[in-house]
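Read through the structure below, which is laid out as structure tokens, and then see the notes.
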Amino acid sequence: MIEALLIGGDSVPGGGAAIDIENPATGDVVASPRSASRPQLDAAVDAAAAALPDWRGLAQGDRSEALRGIAGALHAEREDVARLLTVDTGRPYRRNLLYVDFTVAVFRQYAELARVHGGRVVPSNDPGQLSLVTRMPYGVVGCLVPWNYPLTLLAFKVAPALATGNTVVVKGAPETTLSTLRLGPIFAAHTPPGVVNLVAGGRDVGERLVSHDQVDMVAFTGSTAAGRAIGAVCAALTRPTHLELGGKDPAIVFDDVDPALAAEAVVWAAFLNAGQVCTSTERVYVHHSVHDEFVANAARLAATLRVGDPMDDATQIGPMRTAAGRDRVRGQLDEAVAAGARIVTGGEAIPGPGYFLRPTVVTGVDHSMRLMHDETFGPVLPVMPFDDDDEAFRLAADTPYGLGASLYTHTPSRVQRAAAELAVGNLWINDPVVDNQAAPFGGVRASGNARELGLEGLEAFTTAKHVHWNMELQEKSWWYPYEE
């Protein structure tokens, strides 16, 4: 088990406070790596700044070769990494294998995409001129990665940042420190010293990284509250941010689809990773004519999901990551029930060790309840009926968030209306919570300003520069003394 930081190409033990890593399936502390001390964080940023000129100046083919090397080494160790991810996150091992593969694919994608996209030639003002729009790296990027998908979301930031010539300092979430540090030897073997630096720690280390005077850009995935605080710091420093924040994603089930089949899709979207996904379906609006049938099917399926040991191949739902997270979810449920909601199935913690919560379907909800307007981030599916399309779209839009929305319909005009009216970055029709590596992912409003994946994910880590070149030095009529 790797517990060392990666600073300037060297593997070093942390000099700060210990971070107790709990296995969420058992509650046991499995490791206590040490966080980065303040001097170590400064050294990591200094190393990234020192490595920047040479890395930025490399031929694109050389940077792409490094990313391919990272991808190949990670793929070769996929089973070991997936097992560590299972301990760190509580997500079933079988799914973690898929997420390691996805991480590998993202590094490979940006290795190749950066080789074919670096800017454009635009029409010049006059003959004898050349106007170029080049894409330049920002410089040192501070990357703050969350605990729910620690390697995949690291790749969403680090792969395009490295491909375009930036250097990085990465701080993973304390809960999944082991997964982040596990990549240290791989980065050290395939990039020059200082190009990638991995540090560990909590809020204090993150705040120091965000405000460090040698950091040129901050990329963060996490809660809206934390993202706003980071944005405020960076705004005062006129420092660009790449913020992928929370969501309260709605699903609308219309009366022209099979409610049993729609229930299968929604249950998947609500309970994947125990509901701990920023794009989880967290509120469902179902046409009143199919509401009862939808609820019956969703409850039946939720009650049969296999919750348990994430290393067991039969397990479908693992534990929540922390006891505090489970308590927060149960608090929302208790408040909703007190206000008149009804738990159809689930809702209780599973006795024994670990932070398990049974998948929960709730009816009798309304928008006065936190369950319908605050991010829940747990295995809870609240269902509310609607009478007509106008009411459905009004309810779906009643949120400060804007990450994603799902529609279940065979009516094109409804899809067109959703695309025009719902302020979200991702709209899924009849196939929820699907990433496409070729297309951008991100949100608007309280869900942030970032775009990851696709060409947009590459350009997000570059700034545009206009190069205007007059081939010859020739006098211009507007130069002084133009009066003559």
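At-a-glance table
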{"read-out": "Region 110-143, residues that are crowded, with 16+ Cβ neighbours inside 10 Å and under 30 Å from Leu41 (Cα atoms)", "value": "Tyr110, Ala111, Ala114, Arg135, Pro137, Tyr138, Gly139, Val140, Val141, Gly142, Cys143"}
{"read-out": "Residue count, region 36-83 (criterion: touching a residue at least 40 places away in the same chain (Cβ under 8 Å), in contact with a helix residue (DSSP H, G or I) (Cβ under 8 Å, 6 or more places away or on another chain) and among the small types (Gly, Ala, Ser))", "value": "7"}
{"read-out": "Members of region 225-244 found to be of a type outside the set (A, V, I, L, M, F, W, C) and surrounded by fewer than 23 Cβ atoms within 10 Å (Cβ to Cβ), listed by number", "value": "Arg228, Gly231, Thr238, Arg239, Pro240, Thr241"}
{"read-out": "Residue tally, condition exposed (fewer than 14 other Cβ atoms within 10 Å of the Cβ) and touching a residue at least 12 places away in the same chain (Cβ under 8 Å), over region 384-402", "value": "3"}
{"read-out": "Only listed residue being in a loop (DSSP other than H, G, I, E, B) and either of a type outside the set (Asp, Glu) or touching a residue at least 24 places away in the same chain (Cβ under 8 Å) (or both), chosen from Val267, Val233, Val257", "value": "Val257"}
{"read-out": "Among the candidates Gly340, Gly318, residue that is closer than 15 Å to Asn273 by Cα and of a type in the set (Gly, Ala, Ser)", "value": "Gly318"}
{"read-out": "Residue pairs meeting the criteria (Cβ under 6 Å; at least 6 apart or on separate chains; first under 16 Å from Thr176 (Cβ atoms), in region 1-19; second assigned to a loop (DSSP other than H, G, I, E, B) and among the polar types (S, T, N, Q))", "value": "Gly14/Ser35; Ala18/Ser32; Ile19/Ser35"}
{"read-out": "Any hit, region 428-442, residues being within 18 Å of Gly227 (Cβ to Cβ), of a type in the set (A, V, I, L, M) and not assigned by TED's automatic domain parsing to the domain that holds Pro160", "value": "no"}
{"read-out": "Selection within region 346-383 - of a type in the set (A, V, I, L, M, F, W, C) and more than 28 Å from the chain's Cα centre (by Cα)", "value": "Ile350, Val365"}
{"read-out": "Residues of region 270-314 satisfying the condition of being out of contact with any strand residue (DSSP E or B) (no Cβ under 7 Å at 6 or more places or on another chain), among the hydroxyl-bearing types (Ser, Thr, Tyr) and part of a loop (DSSP other than H, G, I, E, B)", "value": "Ser289"}
{"read-out": "Positions within region 448-484 being hydroxyl-bearing (Ser, Thr, Tyr) and in the same structural domain as Arg228 (by TED's automatic domain parsing), in sequence order", "value": "Thr462, Thr463"}
{"read-out": "Region 31-56, subset touching a Leu at 6+ places or on another chain (Cβ under 8 Å) and closer than 16 Å to Leu181 by Cβ, residue surrounded by the fewest Cβ atoms within 10 Å (Cβ to Cβ)", "value": "Ala31"}
{"read-out": "Of residues in region 18-27 being touching a helix residue (DSSP H, G or I) at 6+ places or on another chain (Cβ under 9 Å) and of a type in the set (Gly, Ala, Ser), the one nearest to Pro310 (Cα to Cα)", "value": "Ala25"}
{"read-out": "Matching residues, region 220-268, being out of contact with any helix residue (DSSP H, G or I) (no Cβ under 7 Å at 6 or more places or on another chain) and under 30 Å from Ala303 (Cβ atoms)", "value": "Asp249, Asp255, Asp256, Val257, Asp258, Leu261, Ala265, Trp268"}
{"read-out": "Condition broken by Ala200, with the remaining ones in (1) closer than 16 Å to Leu151 by Cα; (2) among the small types (Gly, Ala, Ser); (3) out of contact with any Ser or Thr (no Cβ under 7 Å at 6 or more places or on another chain) satisfied", "value": "(3)"}
{"read-out": "Any hit, region 247-263, residues being surrounded by fewer than 22 Cβ atoms within 10 Å (Cβ to Cβ), within 24 Å of the chain's Cα centre (by Cα) and over 19 Å from Gly404 (Cβ atoms)", "value": "no"}
{"read-out": "Residues within region 18-43 that are over 20 Å from His212 (Cα atoms) and part of a loop (DSSP other than H, G, I, E, B), tallied", "value": "10"}
{"read-out": "Tally of residues being in contact with an Asp or Glu (Cβ under 9 Å, 6 or more places away or on another chain) and part of a loop (DSSP other than H, G, I, E, B) across region 449-484", "value": "5"}
{"read-out": "Only one of Ala438, Ala464, Ala423, Ala405 that is closer than 24 Å to Thr221 by Cα, surrounded by fewer than 21 Cβ atoms within 10 Å (Cβ to Cβ) and touching a residue at least 40 places away in the same chain (Cβ under 8 Å)", "value": "Ala464"}
{"read-out": "Among (1) of a type in the set (Lys, Arg); (2) over 30 Å from His410 (Cα atoms); (3) crowded, with 20+ Cβ neighbours inside 10 Å - the single one Arg283 does not satisfy", "value": "(2)"}
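Here's the yes/no breakdown for (1) of a type in the set (Asp, Glu); (2) surrounded by fewer than 22 Cβ atoms within 10 Å (Cβ to Cβ); (3) within 17 Å of Pro353 (Cα to Cα):
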position: Glu293; (1), (2), (3): yes, yes, no
position: Asp309; (1), (2), (3): yes, yes, yes
position: Gly318; (1), (2), (3): no, no, yes
position: Val329; (1), (2), (3): no, no, no
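The values are calculated or read from the model by the stated rules, or taken from the named source; none is laboratory data. These numbers come from a predicted model, not from an experiment. Because the Cβ atoms are built from the backbone with ideal geometry, glycine has one as well, and the counts that use them run over all protein chains shown.
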